[in-house]
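The values are calculated or read from the model by the stated rules, or taken from the named source; none is laboratory data. If you're wondering where the values come from, they're calculated on a predicted model, not measured in any experiment. Note that each Cβ is placed from the backbone with ideal geometry, even for glycine, and that neighbours are counted across all protein chains shown.
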Amino acid sequence: MATIRQRGNSYQIRVSCGYDADGNQVEQSMTWKPDRKMTPKQLEKELNRQAVMFEEACANGYVTSAVKFSVFSDQ
């Protein structure tokens, strides 16, 4: 499930990707900036669409941060 938080004129979308081997929660985040011409209803609809698309990308193995080779090879 994605968590959406407004940060000024942009939105931060955070997705939980489960837990690592040490029991720490793994999260990924992205920032989405809406077009200024959007109405509030359009903004809400597009924000939810972006959150769903980001959640699906994370479920399919998309990584937003840099991964060290040693960590990558362990995975």
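Some values worked out for this structure:
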{"item": "Filter result (without any contact (Cβ under 8 Å) to a residue 24 or more places away in the chain, part of a strand (DSSP E or B) and not polar (S, T, N, Q)) within region 3-22", "result": "Arg5, Arg14, Gly18, Tyr19"}
{"item": "Gln28, sole failed condition from (1) in contact with a Cys (Cβ under 6 Å, 6 or more places away or on another chain); (2) in contact (Cβ under 8 Å) with a residue 40 or more places away in the chain", "result": "(2)"}
{"item": "Selected residue [touching an Asp or Glu at 6+ places or on another chain (Cβ under 9 Å), modelled with pLDDT of 90 or more and under 20 Å from Met1 (Cβ atoms)] from Glu55, Glu46", "result": "Glu46"}
{"item": "Qualifying residues in region 23-59 (those that are outside any helix (DSSP H, G or I) and among the acidic types (Asp, Glu)) - the one surrounded by the most Cβ atoms within 10 Å (Cβ to Cβ)", "result": "Glu27"}
